[in-house]
1. Does residue 91 satisfy being in contact (Cβ under 8 Å) with a residue 40 or more places away in the chain, within 13 Å of residue 71 (Cβ to Cβ) and surrounded by 15 or more Cβ atoms within 10 Å (Cβ to Cβ)?
2. Can you find, within the stretch 48-78, the residue that is nearest to residue 103 (Cα to Cα) among those that are modelled with pLDDT of 90 or more and assigned to a loop (DSSP other than H, G, I, E, B)?
3. Based on what the data block shows, is residue 135 modelled with pLDDT of 95 or more, on the phi < 0 side of the Ramachandran plot and not in a helix (DSSP H, G or I)?
């Protein structure tokens, strides 16, 4: 009999302890506010446009409109043989970095050479100098001549 009251007390305690009203819910953990994500600063200006590649006919059309400059980066001995496009500006590739100030950065500059390889280097020099409106004459003076477009051999 002595065990009966102790057993009943134990059952009452278990019943009270297991009821949902008697169980405590933990307090919500304090939420930590994270600072806004930090990333690179947005660019202040749009990156320069990638130079376009123009066929001789496309380049001739842009030059005729007057809004473009044709920059010939060949050496001076190539100016008369095989010739040059009338109205072009000759600045040999080796001199271009120090002579970029002679060019108008507001106009489109179409860079050309003999067959297209040196003009890519010229474009890179102009991009590094901050020029944004750039194009390349596909195939250089050789493509220009092959299309039957006029060349001058005068100095």
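1. no
2. In this case the residue turns out to be 73.
3. Answer is yes for this residue.
So that you can scan it fast, the table gives a plain yes or no per residue for (1) outside any helix (DSSP H, G or I); (2) under 15 Å from residue 62 (Cα atoms); (3) within 22 Å of the chain's Cα centre (by Cα):
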position: 86; (1), (2), (3): yes, yes, no
position: 94; (1), (2), (3): no, no, no
position: 100; (1), (2), (3): no, no, yes
position: 121; (1), (2), (3): no, no, yes
position: 141; (1), (2), (3): no, no, no
position: 149; (1), (2), (3): yes, yes, no
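The values are calculated or read from the model by the stated rules, or taken from the named source; none is laboratory data. Not measured: the values here are computed from a predicted model. Here Cβ is always computed from backbone atoms with ideal geometry, including for glycine, and neighbour counts include all displayed protein chains.
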